[in-house]
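Since every read-out is calculated from the coordinates, none of them should be taken as a lab result. All values derive from a computational prediction rather than experimental measurement. So basically every Cβ, Gly included, is an ideal-geometry build from the backbone, and we count neighbours across all protein chains shown.
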Amino acid sequence: MSRAPRSDQARRSWGDDDSATPILHVDMDAFFVSVELLDHPELRGKPVAVGGKERGVIAAASYEAREFGVNSAMPVGLAYRRCPQLVMLQPRGSVYRAVSRRIMEILREVTPRMEQVSVDEAFLDVSGARRLFGSPVQIATSLRRSIREQENVPASIGIAATKHVAKIASAHAKPDGLLLIPADATLPFLHSLPVGTISGVGDRTREKLALQGVETVGDLAALGEARLVRLLGKAAGQHLYELSMGIDPRPVVPSREEKSLGREETFFEYLEGRRAMERVLLRQAHDTARRLRERGLVAATVAIKVRFADFTTITRSVTLDRPTSLAADLYDHAQRLFSEVRIPSGGLRLLGLRAEGLQSARGGIQLAFDDDPRRGKAENAMDGIRKKFGESALGPASLLADDQVEDRGSRHPASEGDGRRLIHVNYRRMPPNGYCGGISDR
C-alpha cells in the first residue's frame, strides 16, 4: 500500500466515461492482515498488525490500527506505544504467496497483459478484453467480486488512462473500493492532489518545492518544465513535470510467460442440470481456443475446475495425445472429465476450463490419421469472421436457446435485420468425428 498523502476530496465521482481508460491498478487492502483474518475471524474490527517481534517492523496493519497511526514499515515498539491494544501476528510468507498466486491467476483470466509489481498489486491493460468481458469499469467490478468470492479478501482498483494515475486512483479508492478517472478528468484529478502524491516526490524534494510555494500537483505543473529543471535537475525536473501533466507512456509489461489459459465462471444462482453445465464448458472451450490461436500457442493438457454449492472444489486434468488449439478438442476432453464428476444436490457455484502445458504452435498442429482437417479450418474461419464483425457475429448453435436451434442452424432474433450472416456450429457428434453447422441469414 502506498503511504503517499491522499485527498479526501479526490475520493468522489469524476465521471463515468471509461472509453479511454484501459489501465487498471489492482491493490489488495491490508493484504497480510486480510489473509490472517481468514483464520482469525474473531479479530475482525480490532486493531491488528502483521510484523516482527519487539525489534521488528510492521509489515501490514488493519484499518482499525491505522486510526491509531500504525503503518507499515513502522518499528513494532512505536506501534505498541501508539496502540497498546494492538494485536500482533507473526508473518506467514508461504500462506500470503499462495493466496497471491491464486489472485494473480484471477487477473490473468481477463488479460495476459498483466504486470505483477508486488505480492499484492498488479497493473492490467484491458484494451484487448473489452469484447469478451466488457468495459474497464465492468471488468474491475467483476474482478473485485471474483477476488472477494474466491479468496474472501478485499481489493481496491484504480482505472485510468495511464499507470501512474491508475495507481494513485487505487490508493484513493481504499478501502475496498473502485475509482475511475476518465481521460478528460486526468488533469483536474491530478492537480487537486497534494504534491507528495506524485511518484518521485520525497521529503527533500517536497521541501524544495515548498520554498517555491508548491503545495499541490497543480502548483507543480504551474511552475513549468524549465523552472523545475533548474530547481531539481534535468532528469527529475522533466520526470515530475510530465507526471504532473498526466504524461506516462509506460506500457503494462507482462511479468512472466503464460503457462496456462482458461476461463472460469462463478454463478450467483447455482447452476443445475448437466446440459446447462456442458454448454458453459463449450463456451469456455471456444473462448480459450480463440485466445490460444491469437497467441500462436497450443495446449498439451486440459483441466476443469468445479466448485459445489457447499464450496467444495475439485480439479481434474488430462494430458492430450497431441497439443491442440481447437475448441472441439478442448471441449471433448473437458466434457469427458466432467462426465466423471458426480454433481450433488444444490448444483454448481463455479465451473472452469483451463488449457495448460502451453507451447508454441510452430507453424501448425500435426493431425492424426483419423482427424478431420475441416475442424481447424472452420475454427480459423470463425476467428476471421469474429475479428471483422465482432464476437456476437458468430457462435456455436449449441449455445443458443433450445427453441432457437435447428439441426443445421437457425435465426437468432437478437440480430434480426442487422445485415450480417451467422455461422452456427452445432457440436453434436456426427461420425466420423465430425460436426454439423449451418448458415443463417442476418
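Laid out as a table, the results:
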read-out	value
For segment 194-244, convex hull volume per residue from C-alpha positions, Å³	59
Inverse of mean 1/r across different Cα pairs in segment 128-263, Kirkwood, Å	16.7
Residues Val318, Val76, sorted so that the one with the fewest Cβ neighbours within 10 Å comes first	Val318, Val76
For segment 237-250, Karplus couplings with θ = phi - 60° (6.51, -1.76, 1.60), whole Hz, Gly/Pro x	x, 5, 4, 5, 5, 4, 5, 5, 9, x, 8, 7, x, 4
Cα-Cα over 29 Å, subset of Lys46/Lys174; Lys174/Lys259; Lys46/Lys305; Lys163/Lys234	Lys174/Lys259; Lys46/Lys305
Trypsin sites (Lys or Arg not before Pro) restricted to segment 13-79 and DSSP loop, no more than 15 other C-beta within 10 Å	Arg44, Lys53, Arg55
Spin-label model distance (nm) - Ala236 vs Ala300, 7 Å beyond Cα toward Cβ	5.2
Neighbour cut-off at most 10 other Cβ (10 Å), DSSP loop, GluC sites (Glu not before Pro), segment 33-104	Glu54
Alpha-carbon Rg with Dmax, taken over segment 1-114, Å	16.7, 50
Rh by Kirkwood over Cα pairs, then Stokes-Einstein D for segment 258-366 at 0.890 mPa s and 25 °C, µm²/s	176
